[in-house]
Every structure is written in C-alpha cells, then in structure tokens.
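One structure below.
The values are calculated or read from the model by the stated rules, or taken from the named source; none is laboratory data. Because the structure is predicted, anything quoted here is derived from the model rather than measured. With ideal geometry, Cβ positions are generated from the backbone for all residues, glycine too; neighbour counts draw on all protein chains shown. When the accessible area is computed, the model is the full protein with side chains, heavy atoms only, and any ligands, DNA or RNA have been set aside. Shrake-Rupley method; radii C 1.70, N 1.55, O 1.52, S 1.80 Å.
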Amino acid sequence: MFQIKKICCIGAGYVGGPTCSVIASKCPDIKVTVVDVNEARINAWNSDTLPIYEPGLKEIVLSCRGKNLFFSTDIDTAIKEADLVFISVNTPTKTYGMGKGRAADLKFIEACARRIVEVSEGYKIVTEKSTVPVRAAESIRRIFDANTKPKLNLQVLSNPEFLAEGTAVKDLQEPDRVLIGGDEGPEGQRAIAALREVYEHWVDKSRIITTNTWSSELSKLAANAFLAQRISSINSISALCEATGADVEEVAKAIGMDQRIGSKFLKASVGFGGSCFQKDVLNLVYLCEALNLTEVAKYWQQVIDMNEYQRRRFACRIIDCLFNTVSGKKIALLGFAFKKDTGDTRESSSIYISKYLMDEGAELHIYDPKVSKEQIMLDLSQPSITERPEKVSELVTVSSDPYEACTNAHALVICTEWDMFKKLDYLKIYQKMQKPAFIFDGRRVLDDLHMQLQNIGFQIETIGKKVTTRIPFTPFTPTTFLLKDPLLRKPKAQKKD
Ligand code: NAD
Ligand code: UDX
C-alpha cells in the first residue's frame, strides 16, 4: 500500500490551518506543510498570535510547529515534496459574470490545479478539501490530463471538511464521520486506501466512509443545506411564536425530543451566518437551476429567503419597539462574530442588523470580544452594506468594553451568543442607559435572567417569545409592520444572468 509520509496543504485558512494542525498532532510520522499566497497569514501562523481564534488550537500548533508542522509561502517546494496535496482554498460565491451571487467561484481551485500539475513529478494524491460544486474533481482531472508529462501520475480524491468554527479542534479530533470520495477503479481505490490510513491514526474505521467522487462532493453541499434548513425552519416558527404567545424554545424542546427530529440545530436566532451556509445553499440552487430542476432550486432558495426575512424582522422589531424611530439614537450592539468562540465575521447576521439600523440613522456602538475594530469597519463599509463608507465612520463606534458601549444607549442588542453576555452586570448597565431601557436578545442568551432583568426595569424583547411588558408601549404587530414597513417587504427577485 502507498504510504503517505509528507502532506502539503494549499490554503492556510479556517480549514487548512486547524485540519493540518490536528493531522500533525495525531500523525507524528507525517510531515505536514501548510502553504498560502498570503504572506501575512503565514507569518501569523508562525507567530504567537495565530491568524484565527479557535479554542484549543494554539496549544496544538505550539506542540507540533517546527517538528512535523510547518507554515510556508514556498508553495512549489511543498507541492513537489508531498505525497498528498490538500486543496483547502476559498471557494466564495461569484461576484461577477455568469452565476453572479449564486455559483461558486472556482478560480482559486483552478489556480491550484495548474500549479500542482506544473511542479509535480511522479505519483501524488490530490485531494479536494474545499467545498465545491458536484463534478469539480472532473475539472481538476481534465487540467491534469491536458498538462500531463512522462511518469506523472496524479490521483484526485474528494475529502470534504465538516468542521464548524468555534468547535473546529473537537470536530477534527472526534469527527462524526470522515468522507472520502474517489474513482471506483483500482487506482482510485489505492489512493482512497492511502488517505484512509492517515485518518486511521485517530479515527475509528467505522467512521471513515468511502463513496464515489460525485456523491462525496454532493454530500457536503447537502449536509450544509440540511443544517441551514433546520435553522430556517425553527426561525419560521419563531415568527409564529412571537405572534401567538408560544415560546420557540419550548417548541424546539418538544419537537427535538422526537428521535426522528433530534434536538440539535433547532436554536432560533437572528439568522445563520458564516462563510458556508449561504454560499453552499446558493451553490446548490445554482446547480439545480443549471440542471433544469426548477422546483428543487426554488425549494432550497426558500432557506436563504427565510434567513434574510429573519434578519429584517429582528431589525424591524427593534425599530418598532423604539417608538418607530432609531434616528440619532444610540444602540449598543453586543457581538459581531457570526457565532461564539470565533473571531470570524463572514456573513454574520450582525452585519445585516447593523445595516438596517444604520439605514434608519441609528448610532451604533459595537462590542465583540474577538473581532477587531478594523474588521468591523471593513465589513460595514462594503458596497453591499452601505453606499457611503463615510456614513460608517459617522454612525459606528467600536467599543473595547461592553459597559462603555451601553452607556447612554436606548437599547442593547445581542447578536452573538458569547457566554460572557450572560455574566454582565446588568444593574450597572441599566443605570447608565436611557429609559425606557430595552434589551433585544437575538440569541436567547438571557432567558434565565428575564425575571431579574425585568425587576431591574429593563424592557425585554427576545426572539421567538413575547415577554410580558412592564411599561406601557405599542406592542409589536407583525402584520401591520408587514404592510407598512419597506424593510419587511420581500426584496425584488434577483435578475437572472
Ligand atoms: P479561508 O478564506 O479562510 O482560507 C483560504 C486560504 O486559501 C486563504 O488564506 C487564501 O489566501 C488561500 N489561497 C487562495 N488561493 C490560493 C492559491 N492559489 N495558492 C495558495 N493559497 C491560496 O477559507 P476557509 O474558511 O478555510 O475555507 C476553505 C474551503 O473550505 C472553502 O471551500 C469552504 O467552503 C470550505 N469549508 C469551510 C469551513 C469553515 O468553517 N470555514 C468548513 C468546511 C469547509
Ligand atoms: C457549518 C457547518 O456546521 C459545518 O459542518 C460546515 O463544515 C461549515 O458550516 P459553521 O458555519 O462554522 O459550520 O458553524 P455552525 O455551528 O454550523 O453555525 C452556522 C450559523 O448558524 C451560525 O451563525 C450559528 O449561530 C447559526 N445557528 C446554528 C443557529 O442560528 N441555530 C442553530 O441551532 C445552530
């Protein structure tokens, strides 16, 4: 059997970095080199301040770096040396041309394929770790075949990554499953066996499953679509709860105890964020459209539409409760990362909530324990968020302290479920806020504190539940809002390319 002794991973991002660090820690006999075109990122991986935050990651990197784990910008040497090359580069949604806004942009994958075939000699296993549309492996193979040279033998496998940010290390150390897709012929099976052997260093054989290449590629898109669909489903129920007096947490518990449904991924929220769900569901939608499966495309598109609706609905609720105007009002926004335990802000719902509030002239004071001021300002200055970047500097202040963010604020809005938000001194916060002082809990982190918070004097609004009010005010009525507020009207359908 072919034995893998050296691994090169192209792409030192949220997937490449943690995945290869865990492989290096579990396989001391394998030399792992992670390479990237981004020199600053590689320098950070080689420093004391890693470029990404993941619980437990730094300890692993420090224990292997310089022994069998290396970070480098010398891409060609690492490819040349390797028995196995992981492609872990970004596959963002296309922002131009055909499929704009839906299809995955595969230009980075193609660049890797061309580089690999140019510098490689002899036998190598090339493995897609990035999330790609079905049949992307075929494109890689065609590039290899069209540029092949004597004695070169490049085998292509699909080995999608299922880690979630914030729990990446645990997900990698104890994966639910490892999926390897490859050719059904003997060459493909030989490559699969070699990659399987790497994972068998720490993953039980029964959890390593092998399929054909296309099933592997599609399984990744389908897994993310199913997970996103569960969140959109529970978020749709949260709207119903707010309108009826039911409590979405109670509904989630009741339905989740049915073993056929299960309890995970039923947490109502301000909408899902992150670099994967929206991108991958849109990619699936695009694939279905391209294959003339219109009804299937429409079905999955609704998962995205519901997510956008949830974000707009939450922003409208804030505006409505603040007496229908937030113009010139200070609002403290706590949490900017797309989920807790990560500093990643890609597609974070906080960005969209901020956009809707900025559009209404609110003054935002944003606090997040792991996201830098530069990142927040950059995210909010994107053309899709604001037409005038100056507006962001006028309306947004980034605070390094949650109490400072809340001082003189009319409302405190929780967008990320950081544990520390449960432990803040809310009496101190209340005393410094404008009255009536509102809390909008977009993550249900303060559920256990409602009584205390109300006793302090807070007006609490929370996703998926009507909280009994203590002061007279106009209650939120979704139907009237739907009619009168442009934010809640469905956005115009995107023009097809
Ligand atoms: P990322 O943007 O954090 O990292 C990608 C890295 O690839 C960047 O540092 C970039 O500089 C580098 N790169 C791009 N082209 C290159 C080239 N030609 N040569 C060398 N380096 C190059 O992306 P990510 O979050 O790590 O995601 C990577 C892939 O994994 C995507 O397809 C994504 O959908 C998938 N994925 C992501 C997650 C996640 O939680 N982030 C989970 C599972 C799968
Ligand atoms: C996701 C998939 O879970 C992972 O398997 C895949 O490899 C990459 O995409 P990630 O985006 O990192 O991982 O985090 P995840 O935990 O899935 O959360 C995504 C978003 O959904 C976050 O904004 C999170 O707050 C939100 N979410 C999650 C909910 O709103 N409710 C839930 O019940 C679960």
Exercise for review: State whether one or more residues within segment 407-419 are touching a helix residue (DSSP H, G or I) at 6+ places or on another chain (Cβ under 8 Å), more than 16 Å from ligand 1 (Cβ to nearest atom) and in a helix (DSSP H, G or I).
Suggested key: no
**Study point:** Residue that is nearest to the chain's Cα centre (by Cα), among those in segment 118-140 that are open to solvent by 50 Å² or more (accessible area, probe 1.4 Å) and within 25 Å of ALA222 (Cα to Cα)
**Key:** ARG135
**Study point:** segment 444-467, residues that are in a loop (DSSP other than H, G, I, E, B) and in contact with a Lys or Arg (Cβ under 8 Å, 6 or more places away or on another chain)
**Key:** ARG444, VAL445, LEU446, GLY457, ILE463, GLY464
Review point. Hey, among ALA104, ALA24, which residue is in contact with a Lys or Arg (Cβ under 9 Å, 6 or more places away or on another chain), of a type outside the set (Val, Ile, Thr) and either more than 24 Å from VAL178 (Cβ to Cβ) or within 13 Å of ligand 1 (Cβ to nearest atom) (or both)?
Key: ALA104
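Filter segment 1-52 down to the residues that are polar (S, T, N, Q) and open to solvent by less than 20 Å² (accessible area, probe 1.4 Å) and list them by number. Let's see the steps before the verdict.
Step one: of segment 1-52, the residues polar (S, T, N, Q) are 3, 19, 21, 25, 33, 38, 43, 46-47, 49.
Passing the criteria: THR19, SER21, THR33.
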**Study point:** Unmet criterion (only one of (1) within 20 Å of GLU161 (Cβ to Cβ); (2) modelled with pLDDT under 95) for MET1
**Key:** (1)
Exercise for review: Identify all residues within segment 193-215 that are of a type outside the set (Phe, Trp, Tyr), within 22 Å of PRO133 (Cα to Cα) and touching a residue at least 60 places away in the same chain (Cβ under 8 Å); write none if there are none.
Suggested key: LEU195, THR213
Check your understanding: Any idea which of ALA168, ALA239 is closer than 28 Å to ALA103 by Cβ and within 15 Å of ligand 2 (Cβ to nearest atom)?
Key -> ALA168
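Going residue by residue through segment 1-21, is there one that turns out to be over 19 Å from the mean Cα position of the chain (by Cα), farther than 21 Å from LEU154 by Cβ and away from ligand 1 (no atom under 16 Å from the Cβ)?
No, because not a single residue in segment 1-21 is over 19 Å from the mean Cα position of the chain (by Cα), farther than 21 Å from LEU154 by Cβ and away from ligand 1 (no atom under 16 Å from the Cβ).
Can you tell me which residue in segment 346-357 is most open to solvent (accessible area, probe 1.4 Å), limited to those that are within 16 Å of ligand 2 (Cβ to nearest atom) and farther than 15 Å from GLY442 by Cα? Don't jump to the end; show me each part of the working.
As a first pass, look at segment 346-357 and keep what is within 16 Å of ligand 2 (Cβ to nearest atom): 346-354.
Then keep just the ones that are farther than 15 Å from GLY442 by Cα; that gives 346-347.
Working: ARG346: 96, GLU347: 61 Å².
By that ranking, first place goes to ARG346.
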Practice item. Identify, from the list GLU390, GLU374, GLU360, the residue that is at pLDDT below 95 and open to solvent by 50 Å² or more (accessible area, probe 1.4 Å). Key: GLU390
Study note, to complete from the structure: Over segment 255-289, the set of residues closer than 21 Å to ARG312 by Cβ and aromatic (Phe, Trp, Tyr) is PHE272, PHE277
Point to revise | Residue list for segment 114-129, restricted to those being assigned to a strand (DSSP E or B) and within 13 Å of ligand 1 (Cβ to nearest atom) | key: THR127, GLU128
Check your understanding: Across segment 383-400, what is the total count of residues that are part of a loop (DSSP other than H, G, I, E, B), in contact (Cβ under 8 Å) with a residue 12 or more places away in the chain and more than 23 Å from PRO55 (Cβ to Cβ)?
Key -> 3
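Considering only residues that are more than 14 Å from ligand 1 (Cβ to nearest atom) and charged (D, E, K, R), which ones fall in segment 341-355?
Once the filter is applied, which keeps residues that are more than 14 Å from ligand 1 (Cβ to nearest atom) and charged (D, E, K, R), segment 341-355 yields only LYS355.
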Review point. Of everything in segment 242-283 that's of a type in the set (Ser, Thr, Tyr) and within 13 Å of ligand 2 (Cβ to nearest atom), which residue is nearest to PHE338 (Cα to Cα)?
Key: SER275
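So that you can scan it fast, the table gives a plain yes or no per residue for (1) within 16 Å of ligand 1 (Cβ to nearest atom); (2) among the aliphatic types (A, V, I, L, M); (3) within 27 Å of ILE353 (Cβ to Cβ); (4) in contact with a Phe, Trp or Tyr (Cβ under 8 Å, 6 or more places away or on another chain):
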{"residue": "ASP258", "(1), (2), (3), (4)": "no, no, no, no"}
{"residue": "VAL281", "(1), (2), (3), (4)": "yes, yes, yes, yes"}
{"residue": "ALA290", "(1), (2), (3), (4)": "no, yes, no, no"}
{"residue": "LEU293", "(1), (2), (3), (4)": "no, yes, no, no"}
{"residue": "ASN307", "(1), (2), (3), (4)": "no, no, yes, yes"}
Exercise for review: Could you tell me which of the residues ILE255, ILE319 is among the β-branched types (Val, Ile, Thr), in a helix (DSSP H, G or I) and open to solvent by 60 Å² or more (accessible area, probe 1.4 Å)?
Suggested key: ILE255
Exercise for review: Restricting attention to segment 216-252, report how many residues are more than 16 Å from ligand 1 (Cβ to nearest atom) and assigned to a helix (DSSP H, G or I).
Suggested key: 20
Exercise for review: Could you grab me the full set of residues in segment 237-248 that are open to solvent by 40 Å² or more (accessible area, probe 1.4 Å) and within 23 Å of the chain's Cα centre (by Cα)?
Suggested key: ILE237
Exercise for review: Check off (1) on the phi > 0 side of the Ramachandran plot; (2) open to solvent by 70 Å² or more (accessible area, probe 1.4 Å) for ASP74 and give me the number that stays unchecked.
Suggested key: (1)
Study note, to complete from the structure: Those strands (runs of 3 or more DSSP E) completely within segment 144-215 that have 1 or more residues that are among the hydrophobic types (A, V, I, L, M, F, W, C) and open to solvent by 70 Å² or more (accessible area, probe 1.4 Å) are 208-212
Review point. When you look at ASN38, is it touching a strand residue (DSSP E or B) at 6+ places or on another chain (Cβ under 9 Å) and free of Cβ contacts under 8 Å to residues at least 60 places away in the same chain, yes or no?
Key: no
